[in-house]
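The values are calculated or read from the model by the stated rules, or taken from the named source; none is laboratory data. Predicted model, so just to flag it, every value in this text is computed and none were measured. In this analysis, Cβ positions are derived from the backbone assuming ideal geometry, glycine residues included, and neighbour counts consider all displayed protein chains. Heavy atoms of the whole protein, side chains included, go into the accessibility calculation; ligands, DNA and RNA do not. Shrake-Rupley method; radii C 1.70, N 1.55, O 1.52, S 1.80 Å.
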Amino acid sequence: FLNDTAPTEIYTEQIVGSVRCVQETDLKHSKMLVQQQNTFQEQTQIVERTLEIQSQPTIDIKQYVKPVREEQVSQLLKPVENFTAKQLSGKWFQIARLGTWINSDLYNVTQEFIFNEKRNTFKIAIGGRIAAAVGDKEVLEGKASPIDGQYSKLQVDFLWQMKLQYIVIDAATDNSWLLIGTEDRQYAFILTKKPYLQDSLKNRLVGKLQQNGFSVKSINYTMQKYKTI
């Protein structure tokens, strides 16, 4: 691109400009290569991590569920006889619970059973106020179906795939309270039609849980805050 008539300064500027252009092009190309290399390394790490996760054995949730103790196998919980859907239906106040996964941080807890006669199932709603959130309400819903036609023995399936068997161990003749437990002895509830229960009766029901193989040392009494009881 040089010619004899052009001043030397112009030649020099043209040469320097061409060199700079080449340098800038090489620099951009180098940066692009580095970015591609980093992207490739990141993708390789993702693939390696994915393969590592896929190679891990599947977790069996059953290993975390405590089985029924051997000495209890021959002493399965006995459901209340001649217990009807009408007796279970309605809203119940939770006075005490055994087990920590349900409503552990709630007060004014209730369990409501709504019977669907056509389907022969119950909708169950466990609700309460959240102590740590200034009284916000929380509700856990599920479905309960009678086992072997007994309304005192229910298969309860909650929406997040937690499954329990509710067994009505004892019930008041006037339908004022229920004592419910699970076959594995991990969960139990004292439910009443009013938000309170006399201490003498409460202690008797806790004693019955203990007689049926429940560890009552970890039982929790639910706070029921009502102005009128």
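Is region 116-123 home to any residue that is touching a Pro at 6+ places or on another chain (Cβ under 7 Å), of a type in the set (F, W, Y), more than 20 Å from Q210 (Cα to Cα) and at pLDDT 90 or above?
no
Contact list please: Cβ distance under 6 Å, first residue in region 136-158 and within 15 Å of I114 (Cα to Cα) and part of a strand (DSSP E or B), second residue open to solvent by 70 Å² or more (accessible area, probe 1.4 Å) and among the basic types (K, R), pairs at least six apart or on different chains.
Listed by first residue and then by second, the contacts come to D157/K143; D157/K163.
Check region 149-158 and report whether any residue there is of a type in the set (F, W, Y), modelled with pLDDT under 95 and open to solvent by 20 Å² or more (accessible area, probe 1.4 Å).
Within region 149-158, the first condition is being of a type in the set (F, W, Y), and the residues that meet it are 151, 158.
With modelled with pLDDT under 95 added as a condition, the list becomes 158.
From what is left, the residues that are open to solvent by 20 Å² or more (accessible area, probe 1.4 Å) are none.
No, region 149-158 has no match at all.
Which of the residues belonging to region 172-188 are among the polar types (S, T, N, Q) and within 20 Å of Q155 (Cα to Cα)?
Pass one, region 172-188, residues among the polar types (S, T, N, Q): 173, 175-176, 182, 186.
Residues satisfying the conditions are T182, Q186.
Here are K86, K62: which of them is at pLDDT below 85 and part of a helix (DSSP H, G or I)? Step through it out loud before you land on a result.
On the way: K86 fails: at pLDDT below 85.
That would be K62, the only listed residue that is at pLDDT below 85 and part of a helix (DSSP H, G or I).
Given (1) surrounded by fewer than 19 Cβ atoms within 10 Å (Cβ to Cβ); (2) under 16 Å from K91 (Cβ atoms); (3) not β-branched (V, I, T), identify the lone condition not met by G213.
If we test G213 against (1) surrounded by fewer than 19 Cβ atoms within 10 Å (Cβ to Cβ); (2) under 16 Å from K91 (Cβ atoms); (3) not β-branched (V, I, T), just (2) comes out false.
Might you check whether a residue that is modelled with pLDDT under 95, surrounded by 17 or more Cβ atoms within 10 Å (Cβ to Cβ) and among the basic types (K, R) occurs anywhere in region 128-135?
Yes; the residues of region 128-135 include at least one that is modelled with pLDDT under 95, surrounded by 17 or more Cβ atoms within 10 Å (Cβ to Cβ) and among the basic types (K, R).
Can you tell me which residues in region 160-210 are exposed (fewer than 13 other Cβ atoms within 10 Å of the Cβ), within 19 Å of N220 (Cβ to Cβ) and of a type in the set (A, V, I, L, M, F, W, C)?
M162
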